[in-house]
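Novice: If you scroll down you'll find the structure; I have some questions about it.
The values are calculated or read from the model by the stated rules, or taken from the named source; none is laboratory data. Every value quoted in this text rests on a predicted model; they were computed, and no experiment measured them. Because the Cβ atoms are built from the backbone with ideal geometry, glycine has one as well, and the counts that use them run over all protein chains shown. The area values use the complete protein model at the heavy-atom level, side chains included, leaving out ligands, DNA and RNA. Shrake-Rupley method; radii C 1.70, N 1.55, O 1.52, S 1.80 Å.
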Amino acid sequence: MGGAGGFRHVVRRRTHPTCRIDAHAACLDGVTRVFGQQPALVRVRLVVRPGEVVLLRGTNGSGKSTLLRVLATAVTPTHGRGCVFGHDLVTDRRDVRRLTELVGHQTRLYGDLSAAENLRFVARMHHADPALVPAVLEQVGLLEVADERTRGFSQGMRQRLAMARTLVRAPSLLLLDEPYAGLDDQAGSLVHALVAATIRRGGAAVLASHDDLVGFAADRTVTLAAGETVVVPQPSLLSAAPGGLT
Amino acid sequence: MTGEALALAAKDLRLELRGRHAVSTVLPFAVTLLVALGLALGPDRPLLRQVAPGLLWITVLFAAVLATRRSYELEGEDGALEGLLLSPADPAAIFLGKAAALSVQLLALEVVLVTVMALLFGLPLAAAPVALALVCLLATVGLAAIGSLFGVVAQAARTREGVLPLLVLPAAIPLLVDAVRATSLALEGRDVTGWLGLLLSFDVVALAAGTLLYGYLVED
């Protein structure tokens, strides 16, 4: 990276600057995000369509997490604009938040609440049905420890619970930041199930990962380098996924 | 919004009951501070009774800073605060829920502190118990509102331990003055209606400011 004059813009997509609710699950139109003097994203253009799984690739510091956080409204674009299902990332934050779920490095759990209590609290704050909690805990293999405080959980168990939160919420745009970190193979299949469930609902998913294994689930790969998108459309491989994702 | 605020308050109180921070840290700190201030003033009971309202509310103020810090520390442990803010919940509901939980904790603390003061300083609690209870309630709500509002600001600061008292203590000075004066009059069995009105006005302003500003303060 460097100063503003040194920014490379490798690919310029000719997309319409305004997100259309019927056509785009998410779009970013020339989004730049600067932290202090350091640009984390530079004029990023991205369109994600409903039913699409987009994989973000890039080295550490390339801006993958920032891009996901912009889409989740955790971070506001310094320049440019974007939207999720037609809702502006800045002016319609609450609408965007109703539709998105970001699963990141932090699991956002309260250590002194049990697994079930954590999920029931999420359900209440997101206007979801708390009655779903036992079934969701069973789905992620944590029903037996539903009443135990999460402070004693391993990182893998905490990650599973973070994914259970997503199942309770059923978001339309799923944002996963290194979703395989800390998970065993069995739990890794939960990530696929989450993505598949989101797609079935007509939603979309954007995953940031270093893990090559995740590639088989993606319709498209977008590579970020120094905060800029550097392409890369791929043929849909979703239907060819072993074991099926739908 | 009410449902979200109640859910948040219930969650905060449950965390407090489980973590026992108030019992293990805030309460011993407050009682120790109160006793230390009393000892520093000497055994003169009439003097202690005279300054007791000031000692009470200074102690509560410092305890409120501790309790507020703890409340936001729990949110920051594993990114929970960000999860909360990225929910579709109205930021005002988050503020009100935090303030409600903090109010309950501080009121419980005040019951203990007033009891200790009555025993040590010989405070005439029976003079006007209802007026005293109202003073405590109104002053506590205002203090909790200030704490909840500035707590989230301090949480974002690098030097959050130092920032929170610097924000809360000056903002609480009008409330402190009102509460001390109203408590003195209540203990003397005199009319406190005017002072209750002032405390109520402070609460309305603090709650309105928090409700309106919280959303702006928490956004990136």
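Novice: Given the criterion touching a residue at least 40 places away in the same chain (Cβ under 8 Å) and open to solvent by 10 Å² or more (accessible area, probe 1.4 Å), identify the matching residue among B:Leu37, B:Leu33, B:Leu66, B:Leu41.
Specialist: On the way: B:Leu37 fails: touching a residue at least 40 places away in the same chain (Cβ under 8 Å); B:Leu33 fails: touching a residue at least 40 places away in the same chain (Cβ under 8 Å); B:Leu41 fails: touching a residue at least 40 places away in the same chain (Cβ under 8 Å).
Just a single option satisfies the conditions, and that option is B:Leu66.
Novice: Exactly one of these conditions fails for B:Leu143: (1) in contact (Cβ under 8 Å) with a residue 40 or more places away in the chain; (2) over 16 Å from B:Ala63 (Cβ atoms); (3) buried (at least 24 other Cβ atoms within 10 Å of the Cβ). Give me its number.
Specialist: (2)
Novice: Another question, then. Confirm whether B:Leu56 is over 30 Å from A:Thr76 (Cα atoms), more than 13 Å from chain A (Cβ to nearest Cβ) and in a helix (DSSP H, G or I).
Specialist: Values: over 30 Å from A:Thr76 (Cα atoms): yes; more than 13 Å from chain A (Cβ to nearest Cβ): yes; in a helix (DSSP H, G or I): yes.
For B:Leu56, the condition - over 30 Å from A:Thr76 (Cα atoms), more than 13 Å from chain A (Cβ to nearest Cβ) and in a helix (DSSP H, G or I) - is met.
This table checks each residue for (1) small (Gly, Ala, Ser); (2) surrounded by 18 or more Cβ atoms within 10 Å (Cβ to Cβ); (3) more than 13 Å from B:Ile146 (Cβ to Cβ); (4) away from chain A (no Cβ under 14 Å).
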| position | (1), (2), (3), (4) |
| --- | --- |
| B:Arg70 | no, yes, yes, no |
| B:Leu81 | no, yes, yes, no |
| B:Ile94 | no, yes, yes, no |
| B:Ala101 | yes, yes, yes, no |
| B:Val104 | no, no, yes, yes |
| B:Ala108 | yes, no, yes, yes |
| B:Leu113 | no, yes, yes, yes |
| B:Phe121 | no, yes, yes, yes |
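Novice: Residue check, A:Ser209 against (1) modelled with pLDDT under 85; (2) among the hydroxyl-bearing types (Ser, Thr, Tyr); (3) open to solvent by 30 Å² or more (accessible area, probe 1.4 Å), all met but one. Which one?
Specialist: Every condition holds for A:Ser209 apart from (3).
Novice: Just the residues that are within 9 Å of another protein chain (Cβ to nearest Cβ) and part of a loop (DSSP other than H, G, I, E, B), please, taken from segment A:68-89.
Specialist: Filtering segment A:68-89 down to residues within 9 Å of another protein chain (Cβ to nearest Cβ) leaves A:69, A:72-76.
Correct list: A:Ala72, A:Thr73, A:Ala74, A:Val75, A:Thr76.
Novice: Being on the phi > 0 side of the Ramachandran plot, modelled with pLDDT of 90 or more and either surrounded by 20 or more Cβ atoms within 10 Å (Cβ to Cβ) or facing another protein chain (nearest Cβ under 7 Å) (or both), is that true of even one residue in segment A:102-120?
Specialist: Restricting attention to segment A:102-120, the residues satisfying the condition of being on the phi > 0 side of the Ramachandran plot are A:108.
Next, only the ones that are modelled with pLDDT of 90 or more stay: A:108.
Those left that are additionally either surrounded by 20 or more Cβ atoms within 10 Å (Cβ to Cβ) or facing another protein chain (nearest Cβ under 7 Å) (or both): A:108.
Within segment A:102-120, one or more residues are on the phi > 0 side of the Ramachandran plot, modelled with pLDDT of 90 or more and either surrounded by 20 or more Cβ atoms within 10 Å (Cβ to Cβ) or facing another protein chain (nearest Cβ under 7 Å) (or both).
Novice: Please find, among B:Gly162, B:Gly194, B:Gly189, the residue that is over 30 Å from A:Arg93 (Cβ atoms), in contact (Cβ under 8 Å) with a residue 12 or more places away in the chain, more than 14 Å from every other protein chain (Cβ to nearest Cβ) and surrounded by fewer than 16 Cβ atoms within 10 Å (Cβ to Cβ).
Specialist: Details: B:Gly162 fails: in contact (Cβ under 8 Å) with a residue 12 or more places away in the chain; B:Gly194 fails: in contact (Cβ under 8 Å) with a residue 12 or more places away in the chain.
Step by step, each of B:Gly162, B:Gly194, B:Gly189 is checked, and only B:Gly189 is over 30 Å from A:Arg93 (Cβ atoms), in contact (Cβ under 8 Å) with a residue 12 or more places away in the chain, more than 14 Å from every other protein chain (Cβ to nearest Cβ) and surrounded by fewer than 16 Cβ atoms within 10 Å (Cβ to Cβ).
Novice: Exactly one condition in (1) within 28 Å of B:Ser71 (Cα to Cα); (2) open to solvent by less than 10 Å² (accessible area, probe 1.4 Å); (3) in contact (Cβ under 8 Å) with a residue 40 or more places away in the chain; (4) over 18 Å from the mean Cα position of the chain (by Cα) is false for A:Ala72; which is it?
Specialist: If we test A:Ala72 against (1) within 28 Å of B:Ser71 (Cα to Cα); (2) open to solvent by less than 10 Å² (accessible area, probe 1.4 Å); (3) in contact (Cβ under 8 Å) with a residue 40 or more places away in the chain; (4) over 18 Å from the mean Cα position of the chain (by Cα), just (4) comes out false.
Novice: Filter segment B:175-200 down to the residues that are among the basic types (Lys, Arg) and assigned to a helix (DSSP H, G or I) and list them by number. Steps first, answer last, please.
Specialist: Of all residues in segment B:175-200, those among the basic types (Lys, Arg) come to B:181, B:190.
Correct list: B:Arg181 only.
Novice: Still on this structure, I have one more. Working carefully through the options A:Arg165, A:Arg124, find the one that is open to solvent by 30 Å² or more (accessible area, probe 1.4 Å), farther than 23 Å from A:Pro77 by Cβ and at pLDDT 90 or above. Please lay out each step first, then the result.
Specialist: Numbers: A:Arg165 fails: open to solvent by 30 Å² or more (accessible area, probe 1.4 Å).
Testing whether each residue is open to solvent by 30 Å² or more (accessible area, probe 1.4 Å), farther than 23 Å from A:Pro77 by Cβ and at pLDDT 90 or above leaves just A:Arg124.
Novice: Here is a follow-up. Filter segment A:90-126 down to the residues that are without any contact (Cβ under 8 Å) to a residue 12 or more places away in the chain and part of a loop (DSSP other than H, G, I, E, B), then identify the one that is nearest to B:Asp12 (Cα to Cα).
Specialist: Selected residue: A:Gln106.
Novice: Another one. Taking the criterion of being modelled with pLDDT of 65 or more and closer than 20 Å to A:Leu71 by Cα, would at least one residue in segment A:182-193 satisfy it?
Specialist: Going through segment A:182-193, the residues modelled with pLDDT of 65 or more turn out to be A:182-193.
Narrowing the set further to residues that are closer than 20 Å to A:Leu71 by Cα leaves A:191.
Within segment A:182-193, one or more residues are modelled with pLDDT of 65 or more and closer than 20 Å to A:Leu71 by Cα.
Novice: Another question, then. Being within 18 Å of the chain's Cα centre (by Cα) and within 20 Å of B:Ala209 (Cβ to Cβ) is the filter here; which residues of segment B:77-110 pass it?
Specialist: Filtering segment B:77-110 for residues within 18 Å of the chain's Cα centre (by Cα) gives B:94-110.
Once the filter is applied, which keeps residues that are within 18 Å of the chain's Cα centre (by Cα) and within 20 Å of B:Ala209 (Cβ to Cβ), segment B:77-110 yields B:Ile94, B:Phe95, B:Leu96, B:Gly97, B:Lys98, B:Ala99, B:Ala100, B:Ala101, B:Leu102, B:Ser103, B:Leu106.
Novice: Which residues, counting only those in segment A:144-156, are hydrophobic (A, V, I, L, M, F, W, C) and within 13 Å of chain B (Cβ to nearest Cβ)? Give the steps one after another, and end with the answer.
Specialist: Pass one, segment A:144-156, residues hydrophobic (A, V, I, L, M, F, W, C): A:145-146, A:153.
Result: A:Phe153, single match.
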